[in-house]
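Structure first, then comments.
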Amino acid sequence: MSDETLSMLADSAEAFARPDARRVRALRDTETGFDPGLWTRIADQGWLSILVPESMDGLGLGMAAAAVIAQRLGYALYPEPYVASGVMAIRCLASGDDETLQRRHLPGLMSGERIAAVAWQGESGDLDIGACGVTAAPSADGAALSGTCRFVPVAFADAFIVAARGADGLSLYWVERGAAGLACAPERCADGTHSARLALSGLRVPDSARIAGPSRAGTSLQCAIDAALVATAAELVGIMNRALELTLEYLRTRKQFGRAIGSFQALQHRAVDIWIQKELSRAAVAAAVRALDDPKTDARTQSAAASGAKARAAQAALALCREALQMHGAIGYTDEYDLGLYYNRALTLSAWLGNAAEQRRRYGELAGGEQP
């Protein structure tokens, strides 16, 4: 995409998504943790079609556009699952090898009528896609799935893309929420959203529900995870933008000893330090976006870039929010002040799909010992 097109998309996202802390606080007490009506409006903007190829009736705009949207939604603190469903689940389904399933389910996901989530981590939260906690045993017309998935990002999704290990390798299956043999237990996150713990007990799925077989499933899942890592890093950059903005406003208005505290050199230096961390994260995200959007870049390099961006953004977001709380003093720790909401969101996103330490380890493995 051209810079001009991305700028227009960013302007559109800015006009649509504006910070509303009262809405965020109210949604924490709801069953889903987000607003289904607003999710439909997000779909109406075309944002859920961004990563779907034009051949599948999507926009095919690539990671650059998805990152722009994710960053703005982070700035506005939207709890709606744009990255979890609009990026990760849709990317996973669109990169599978079953065109019939794609034609059946992608329209509903792109229109916002349905929400899907990817379930692949086991009970321990291992990030190795080969260590998923669900097994697939042969059955009369397909497979019987048994095991446990945790940290599924949308607890109240309409359907799940479940990774399961069979005798012939990893496969991905489409599982409806109400399927017999599936138990879904929500687990509350720090920011008030919910992840899910799925327990599958001999859940039977036909061969027609297999999104990707062993020859394609690992690639599809890793592609979706890498896209989600980059989009989450972009969302964390948006959170940092707003948290820093709130902090600078406070430094300009709060007075001590007859002067605005922002005039004190020590606080100026601390503000510059966190601004640098935010800018380093923004640059890491931009580099990862270029890698994922470049068809000439091999999968290993793309995965390394995705881990590098998430590692940088996760560490910087937590550091920035902690410093912001310190510079605010007591008011920063109150639930009534917006900064705490951003910190809680940063806590949740920094841990999802692997925290900074885990992503640095992965980056080192992929990049031959280098550190992001």
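The values are calculated or read from the model by the stated rules, or taken from the named source; none is laboratory data. Because the structure is predicted, anything quoted here is derived from the model rather than measured. Note that we place each Cβ from the backbone using ideal geometry, even for glycine, and neighbour counts take in every protein chain shown. Side chains included, ligands, DNA and RNA excluded: accessible areas come from the protein's heavy atoms. Shrake-Rupley method; radii C 1.70, N 1.55, O 1.52, S 1.80 Å.
Look at the range 47-66: where a residue is closer than 23 Å to Thr100 by Cα and β-branched (Val, Ile, Thr) and a partner is open to solvent by less than 50 Å² (accessible area, probe 1.4 Å) and not in a loop (DSSP other than H, G, I, E, B), sitting 6+ places away or on another chain with Cβ atoms under 8 Å, you get Ile50/Ala65; Ile50/Ala66; Ile50/Ile69; Ile50/Gly86; Val52/Ile90; Val52/Ala94; Val52/Leu106; Val52/Met110. Quick check on my filter: what residues within the range 158-169 are on the phi < 0 side of the Ramachandran plot, surrounded by fewer than 24 Cβ atoms within 10 Å (Cβ to Cβ) and either touching a residue at least 40 places away in the same chain (Cβ under 8 Å) or not in a loop (DSSP other than H, G, I, E, B) (or both)? Answer for the range 158-169, where residues must be on the phi < 0 side of the Ramachandran plot, surrounded by fewer than 24 Cβ atoms within 10 Å (Cβ to Cβ) and either touching a residue at least 40 places away in the same chain (Cβ under 8 Å) or not in a loop (DSSP other than H, G, I, E, B) (or both): Asp158, Ala159, Arg165, Gly166, Asp168. Which is open to solvent by 50 Å² or more (accessible area, probe 1.4 Å) and either of a type in the set (Phe, Trp, Tyr) or out of contact with any His (no Cβ under 8 Å at 6 or more places or on another chain) (or both), of Ser220, Ser208, Ser195? Matching residue, one of Ser220, Ser208, Ser195: Ser208. In this entry, Ala143 is excluded by the filter for residues that are more than 17 Å from Ile115 (Cα to Cα), open to solvent by 30 Å² or more (accessible area, probe 1.4 Å) and outside the structural domain of Phe34 (by TED's automatic domain parsing).
Only one entry of Thr32, Thr40 meets the criterion of being closer than 21 Å to Gly108 by Cα, β-branched (Val, Ile, Thr) and modelled with pLDDT under 95, and that entry is Thr32.
Specify which of the listed residues (Ala15, Ala64) is aliphatic (A, V, I, L, M), under 22 Å from Leu349 (Cβ atoms) and not assigned by TED's automatic domain parsing to the domain that holds Ala313.
Details: Ala15 fails: under 22 Å from Leu349 (Cβ atoms).
Result of the check over Ala15, Ala64: Ala64.
Output yes when any residue across the range 66-78 is surrounded by 16 or more Cβ atoms within 10 Å (Cβ to Cβ) and more than 24 Å from Lys310 (Cβ to Cβ), and no when none is. No, the range 66-78 contains no residue that is surrounded by 16 or more Cβ atoms within 10 Å (Cβ to Cβ) and more than 24 Å from Lys310 (Cβ to Cβ). Can you give me the number of residues within the range 322-372 that are surrounded by fewer than 16 Cβ atoms within 10 Å (Cβ to Cβ) and in contact with a Lys or Arg (Cβ under 7 Å, 6 or more places away or on another chain)? Adding up the residues that qualify gives 1. Of all residues in the range 284-302, exactly one satisfies the criterion of being hydroxyl-bearing (Ser, Thr, Tyr) and within 20 Å of Val52 (Cα to Cα), namely Thr297.
Residues that are among the hydrophobic types (A, V, I, L, M, F, W, C), open to solvent by less than 10 Å² (accessible area, probe 1.4 Å), in contact with an Asp or Glu (Cβ under 9 Å, 6 or more places away or on another chain) and farther than 30 Å from Gly213 by Cβ occur in the range 41-56; there is at least one. Residues in the range 269-284 that are open to solvent by 40 Å² or more (accessible area, probe 1.4 Å) and either in contact (Cβ under 8 Å) with a residue 60 or more places away in the chain or in contact with a helix residue (DSSP H, G or I) (Cβ under 7 Å, 6 or more places away or on another chain) (or both): Arg270, Trp275, Gln277, Leu280, Arg282. Among the residues that make up the range 191-209, is at least one of them of a type in the set (Gly, Ala, Ser) and touching a Leu at 6+ places or on another chain (Cβ under 6 Å)? No, that holds for no residue.
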